[in-house]
Each structure stands twice: as structure tokens, then as C-alpha cells.
Amino acid sequence: MARRTRTYVAFDADSDIHMYRLMQAWDANDGIDFDFNNAHDLTTIRPDSEEEAIKRSLRERMKNSKIFVLLVGDQTKRLKKYVPWEIEIALKASLPIIIVNLNGKRRMDPDLCPTVLQTELSIHIPYGIDIVQYALDNWPANHERYTSQGKSSPFYYKEKTYTDLGL
């Protein structure tokens, strides 16, 4: 079995890639305390590949991932390829799920969050360095605890968490 050390980030490549690129920039900047071991570095996916070849590459990335992050923008819920496939594979792999609202909401946004994730065990947070890093550091253990307790619904950080992070 592969050692899961990676973070898989899913996003709408047409509309939200700049937010993903910003996360990569946070990670690359030595002056910023943000770090994630990017699963996208494992394999290259060619958009013109057959669906099953793409899914095979996605499964390989997820097999090496310890957490799944979904950047939720204006079009995410309407996507028919890639993101739905990524979500399906992440759910099958039982990966902890962090849903990052690009509109800044601290709770699930049912108008934008993909329907399949609206009842799944996940944490919903706004986009930002400190809260994303906090979730990356803390959500996997919480996910494991909640799973062992049989909980399977969306979670949110309390206001105190944001206050403690200076947000």
C-alpha cells in the first residue's frame, strides 16, 4: 500500500485555476507558513485522454493522498467531468474532505457545493492561508474520530477558531 503523504486539490480548471495557483505560490514562498505536498505532482493527465485513462491517473494520485481539498467556486456544482470524478474517487478512498469556499463563506454554500458532498463528512471553510493550513493540519484527525463515531455530515469551525487564527 502506498504511503499517503499528499494533498489532492480539486478545482474548476476553467474558472478557479488562479486560486489553486495561489495555493502553490503560498507553498513555494519561504516567508509564508503554508505547506502541502501536492498530489498533482505525481502524474500528468492529458485532457485529450480517454475517460478511463484519466480516472486511472486520478486514482493513482488519490492512492497517495491523505486528504482531499475541493475549491468551490461559482461553477463547481455544475461541472460534469473531472471534479465529479475526483469527488467520486475521494469518497471511495474515504479521504478526509476539506471544502474551501472561494466566496468566503464559513459554512456550506448549498448553491455552490456539489450535491453529492452536501451530506458527506467534511469541513467547510473560506479560502485563506491560515484557515486552509489549520484545516490541513487538524481535519484528518477529526475526520478519523468522527468516522469512528459514525458521524457523516458537514462540519464547520466555531467562531473561536477564526478568532484564535486572527481572522
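Please treat every number below as a calculation from the coordinates, not as lab data. Not measured: the values here are computed from a predicted model. With ideal geometry, Cβ positions are generated from the backbone for all residues, glycine too; neighbour counts draw on all protein chains shown.
Would you kindly derive the ³J(HN,Hα) couplings of the range 24-34 from the backbone phi angles with the Karplus curve 6.51 cos²θ - 1.76 cosθ + 1.60 (θ = phi - 60°), listing them in order in whole Hz, with x for Gly and Pro?
Once θ is set to phi - 60°, the couplings for the range 24-34 become 4, 5, 4, 5, 6, 7, 5, x, 10, 7, 8 Hz.
³J(HN,Hα) across the range 144-157 via Karplus (A = 6.51, B = -1.76, C = 1.60, θ = phi - 60°), whole Hz, x for Gly/Pro?
4, 5, 5, 4, 5, 8, x, 7, 8, 9, x, 10, 9, 6
Would you kindly state how much longer the chain becomes between VAL116 and HIS18 on full extension, computed as 0.36 nm times their sequence separation minus their alpha carbon distance, in nm to one decimal? Mind showing how you got there, number by number?
Numbers: separation 98, 0.36 × 98 = 35.28 nm, distance 2.47 nm.
32.8 nm is the gain from fully extending VAL116 to HIS18.
Around LYS77, what is the net charge, scoring Lys/Arg as +1 and Asp/Glu as -1 over all other residues with Cβ under 12 Å from its Cβ?
Details: positive: ARG78, LYS80; negative: ASP12, ASP74, ASP109, ASP111.
Counting the neighbours of LYS77, the net charge comes to -2.
Could you give the length gained on full extension between ASN29 and ARG145, defined as 0.36 nm per residue of separation minus the Cα-Cα distance, in nm?
Working: separation 116, 0.36 × 116 = 41.76 nm, distance 3.26 nm.
Here the answer is 38.5 nm.
Suppose the chain between GLN75 and SER152 were pulled fully straight at 0.36 nm per residue; how much longer would it get relative to their current alpha carbon spacing? If you can, show how the numbers build up before the last one.
Values: separation 77, 0.36 × 77 = 27.72 nm, distance 2.51 nm.
Length difference between fully extended and current span is 25.2 nm.
Can you list residues from other chains, or at least 5 along the same chain, whose modelled amide H is less than 5 Å from the amide H of SER15?
none
What list of ³J(HN,Hα) values in whole Hz, one per residue of the range 81-86 in order, does the Karplus curve 6.51 cos²θ - 1.76 cosθ + 1.60 (θ = phi - 60°) give from phi, with Gly and Pro shown as x?
Residue by residue, the range 81-86 yields 10, 6, 4, x, 5, 4 Hz.
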